[in-house]
Amino acid sequence: MPPPQLTLASEVKYLKGVGPARAEIFASRGIQTVEDLLYYTPFRYEDRTRLTPIRDLVPGQSTTILATVLTSGLIRTRKGIYIFDLAARDASGMIRCIWFNAIYLEKNKTFRPGQRVFFYGKVERDRFGKPNLQMVQPQFEILPEGAEEGGDSLEVGRVVPIYESLGKLGPRVLRRLVGKALEGLAGAIPEILPASVRRKNRLPDRAVALQQTHFPDSDQPFEQLANFRTPAQVRMIFEEFFNVGAGLALKRRRMKSAPGIEFRVTERVREAIKTILPFHPT
């Protein structure tokens, strides 16, 4: 029996790759349906079409690099502070990445030599390895084995959406699940904004806005994208405010149309009110 057609109202647990365990993680964050998942939008983007070689890094800049792990391990300072220390390199040079009190990286055996990893963080000079550079507490994403630039990759050779992790579900997993949802909903995302509103505000269709918010084309100005000012992102922001405004207007209309409560003021009520008031009414 073929699986049911995916819709925005489909429970997220029925999306391929989710299952009961991941559905529980989603539910704990209020994500129950495929629509909820699509409205869990990236909090930033990485332009992986133009990665910075290590030799071109400038202290003080925040950037993304792709480097191969050389060594890694946990060390303890004389003051008892644990530091996870990693060395990586690309074709142009070497960099050091450190995380404070990140015992979990050692415990989980997160890194191993030969892995290709994206690191994002602020570049600093390494005080103990001049003239080397370092990143302190960088965000990272390990590139799957065999992944290469180009093609339909969601990881490299494109502008990549970065999502806030949901428990054990990191950005790479979320990226893949959102991609499957959009693919399964092709041609089945209904519009909710009136055509007149879209024309007046020059907003793209809902389906286009969702696709471009999660997986923007590489020709989008990256500065606009980083500041959430692309047409797709503006549409998503506008839609949220429109829905809030429409909800408030509907609530006001219902309140105005609701019948009032009739009170009959008798002489007995008047006398009771007079005894309550701290003054004599005129």
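The values are calculated or read from the model by the stated rules, or taken from the named source; none is laboratory data. Given the structure is predicted, the values throughout are model-derived calculations rather than measurements. FYI the Cβ positions are ideal-geometry reconstructions off the backbone, even for glycines, and counts take in every protein chain you see. What goes into the accessible areas is simple: the full protein's heavy atoms, side chains included, and nothing from ligands, DNA or RNA. Shrake-Rupley method; radii C 1.70, N 1.55, O 1.52, S 1.80 Å.
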For the stretch 42-167, the charge dipole (Cβ of Lys, Arg +1; Cβ of Asp, Glu -1; about the Cα centre) points to a positive end, and the Cα of Gly114, Pro144, Tyr163 closest to that extreme belongs to Gly114
Counting only protein heavy atoms and rolling a 1.4 Å probe, one gets per residue an accessible area for the stretch 73-135 in Å² of 63 Å²
Tell me the net charge near Pro59. Cut-off is 11 Å between Cβ atoms, Pro59 excluded, with +1 for each Lys or Arg and -1 for each Asp or Glu. 0
Using Stokes-Einstein with the Kirkwood hydrodynamic radius over Cα pairs, what translational diffusion coefficient do you get for the chain at 25 °C and a viscosity of 0.890 mPa s, in µm²/s rounded to a whole number? 106 µm²/s
Computed over the Cα atoms, what is the radius of gyration of the stretch 22-95 divided by 2.2 N^0.38 Å, N being its residue count? 1.68
Hey, any idea what % of the stretch 100-240's accessible area is carbon plus sulfur with a 1.4 Å probe? 49 percent
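Show me the helices of the chain, taken as full DSSP H stretches, that run 15 Å or more along their long axis by Cα and average -1.0 or above in Kyte-Doolittle hydropathy.
Membrane-span-like by this rule: 171-184, 231-257.
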Ignoring chymotrypsin sites (Phe, Trp or Tyr not before Pro) that are buried or in helix or strand per DSSP, and keeping those with at most 10 other beta carbon atoms within 10 Å, what is the longest stretch of the chain between them? 129-262
Of Lys16/Lys109; Lys16/Lys168; Lys107/Lys168; Lys79/Lys107, those spanning more than 26 Å from alpha-carbon to alpha-carbon: Lys16/Lys109
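When the helices in the chain are scored as -39500 (n - 2.57) per DSSP H run of 4 or longer and the sum is shared across all residues, what 222 nm value do you end up with, to the nearest 500 deg cm²/dmol?
-9500 deg cm²/dmol
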